[in-house]
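Read the structure below first, then the notes.
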Amino acid sequence: MSNRLSGAQHCKWRISRVVARNPFLSLGLAILLAACSSDPELGSPGYVQGFTGGVVADEPYAALVGRDILAAGGSAGDAAAATFFALGVTKPASVGLMAQGYCLDYNAADLTHRAYVVDSPAGVRTMAAIHARTGRLPWRQVVGPAEALARFEHKRSLAFVDDWQAAAPSDPAAQAVYGGSATEVGAPLQQLDLAGLLGQIREHGAGDFYSGRSAQKLWDAAALAGIGINRDDWRNALPIAIDPEQRALGDHLLVTVPVARTSGTADTRRAESRMVVVDREGSAVACVFSMGRPYGSGRLVGGVFFPVAGAPEGLPALVTNKNTKILLAAIAGGEPAALAERTVAAAVPLDGALASMPGGGNAIVCSRGLPNYPESCQAGSDPAGHGLAALGDPRS
């Protein structure tokens, strides 16, 4: 009897191995079985051969979620939304469904930029707007990985444990979910209330968080906790899209969010989370989120922490060139304009530039530009943090 597998059997075996290694793909990449053909289809692992793009985030599991979305053929908008939702699961001290902050996106298809001011609780709708503008995968596929992380357990990373040990809230609900004896790196963590919210958002869209069952669940939980919510304001929370600020950077264009910087605090890095995403076509998203202080109000209500007022100190920035139609850098946090000057204009290697910059930051810099020269790309995470720079194989 032959031990060889048929083509379809071999494909299913290969997929099971992929999901076993990456359990959070079980919901996020829901159309895996469609890949059982001679060539993987869009949305399936391995769809992109060679350079896939890159993701840098302040927590490794979230960065890997975004990387796998890119490898399945997702755009920067897809991967950014997936990374945002995953960060809400794996790094709740500084980002979550209620986070506030700033984002920039760049659409390589029409060479346009857009800036977003994210007021709480408009973060979910902001990521839906970015996904709608530049995404290509179904919404359920970009939310699903975060839901799976929350529902089926994930391992606590060093980034999570470091935050918890430094600023663990005393709130009984938070202690019940995140505390206890198993708070070391690698210990499992399950967040069923948050998984329920994410499941509703995955199934019914971003609007469910504002007027659907997930909204009602949060309103009821807040009422029980004695937290007053203006439901009309909640329903009407919308992303604030504004024209970005642009100035010359040599022959290129430095694009930033036109807002004033805030003064930092000792807990700035623990209260903020940064992510940058670029795809193989040269589209990009850069965001900085904040909870105001670590874990925001410190009260876990219905699976989420409510933030306190306080915009992030860090800002996002992009460097592009309209004439040559290339993306040169995506930066979040730290001193983004100064980092762009050093890496793009002065050609300082990214790792050295990050190490010497106050406030660190996360960045992807492609000195010769995307989409034409992926081999020129470097990715780096904040040297003082515990994030991950996940850059796709830059083969031409």
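The values are calculated or read from the model by the stated rules, or taken from the named source; none is laboratory data. Every value quoted in this text rests on a predicted model; they were computed, and no experiment measured them. With ideal geometry, Cβ positions are generated from the backbone for all residues, glycine too; neighbour counts draw on all protein chains shown. These area figures cover heavy atoms from the full protein model, side chains too; ligands, DNA and RNA do not enter into them. Shrake-Rupley method; radii C 1.70, N 1.55, O 1.52, S 1.80 Å.
A few remarks follow.
- Taken over the alpha carbons of the range 323-396 as equal point scatterers, the Debye sum produces base-10 log I(q)/I(0) values at 0.16, 0.28 Å⁻¹ of -0.51, -1.33.
- Computed with the Debye formula from one identical point scatterer per Cα of the chain, without solvent, the log10 of I(q)/I(0) at q = 0.11 Å⁻¹ comes to -0.72.
- Each residue of the range 369-384 is assigned a 3J(HN,Hα), and the resulting list reads x, 9, x, 6, 10, x, 5, 8, 7, 10, 10, x, 9, 3, x, 8 Hz, derived from the Karplus form 6.51 cos²θ - 1.76 cosθ + 1.60 (θ = phi - 60°), x at Gly and Pro.
- Taking the inverse of the mean 1/r over every pair of distinct Cα atoms in the range 344-383 gives a Kirkwood hydrodynamic radius of 10.5 Å.
- Highest mean first, the peptides 289-301, 329-341, 196-208 sorted by other C-beta atoms within 10 Å per residue fall in the order 329-341, 289-301, 196-208.
- Both radii are taken from the alpha-carbon atoms of the range 156-224; with Rh as the Kirkwood radius, Rg/Rh is 1.06.
- Average silhouette area of the range 295-348, convex hull of alpha-carbon atoms, in square nanometres: 5.9 nm²
- Computed on the Cα atoms alone, the convex hull of the range 262-396 gives a volume of 122 cubic angstrom per residue.
- Accessible area per residue for the range 139-282 is 47 Å², calculated with a 1.4 Å probe on protein heavy atoms, without ligands, DNA or RNA.
- Peptide packing for 349-355, 178-184, 67-73, 276-282 was compared via the average number of neighbouring C-beta atoms within 10 Å per residue; ordered from the highest value, the list is 276-282, 67-73, 349-355, 178-184.
- Theoretical ellipticity at 222 nm over the chain - DSSP helices of four or more residues, -39500 (n - 2.57) apiece, nearest 500: -10000 deg cm²/dmol
- Kirkwood-type radius of the range 117-259, with distances r between different C-alpha atoms, in Å: 17.8 Å
- Residues whose amide H falls under 5 Å from that of residue 390, counting only those 5 or more places apart or on a different chain, are 55, 56, 57, with hydrogens built in the peptide plane.
- Note on the range 46-108: the C-alpha convex hull projects to 4.5 nm² when averaged across all orientations.
- Taking 20 °C and 1.002 mPa s as conditions, the range 138-180 diffuses translationally at an estimated 177 µm²/s according to Stokes-Einstein applied to its Kirkwood radius (Cα pairs).
- Cα gyration tensor category, rounded, prolate or oblate, for the range 268-333 with a/c compared to 1.5: prolate
- Derived scalar couplings ³J(HN,Hα) [the range 303-318; Karplus, 6.51 cos²θ - 1.76 cosθ + 1.60; whole Hz; x for Gly, Pro]: x, 10, 8, 8, x, 10, 4, x, 6, x, 6, x, 10, x, 8, 10
- Highest-MSF residue in the chain out of 192, 97, 87 [GNM, Cα springs under 10 Å]: 192
- Enclosed volume per residue, in Å³, of the convex hull spanned by Cα atoms of the range 186-319: 187 Å³
- Using θ = phi - 60° in the Karplus curve 6.51 cos²θ - 1.76 cosθ + 1.60, the 3J(HN,Hα) couplings for the range 240-255 round to 9, 8, 10, 6, x, 8, 10, 8, 5, 10, x, 8, 10, 10, 9, 10 Hz; x is entered for Gly and Pro.
- The average projected area of the range 46-172, computed from the convex hull of its Cα atoms over all directions, is 8.7 nm².
- Of the residues 236, 107, 321, the one that moves most in a GNM of the chain with alpha-carbon contacts below 10 Å is 236.
- Highest-MSF residue in the chain out of 223, 363, 132 [GNM, Cα springs under 10 Å]: 223
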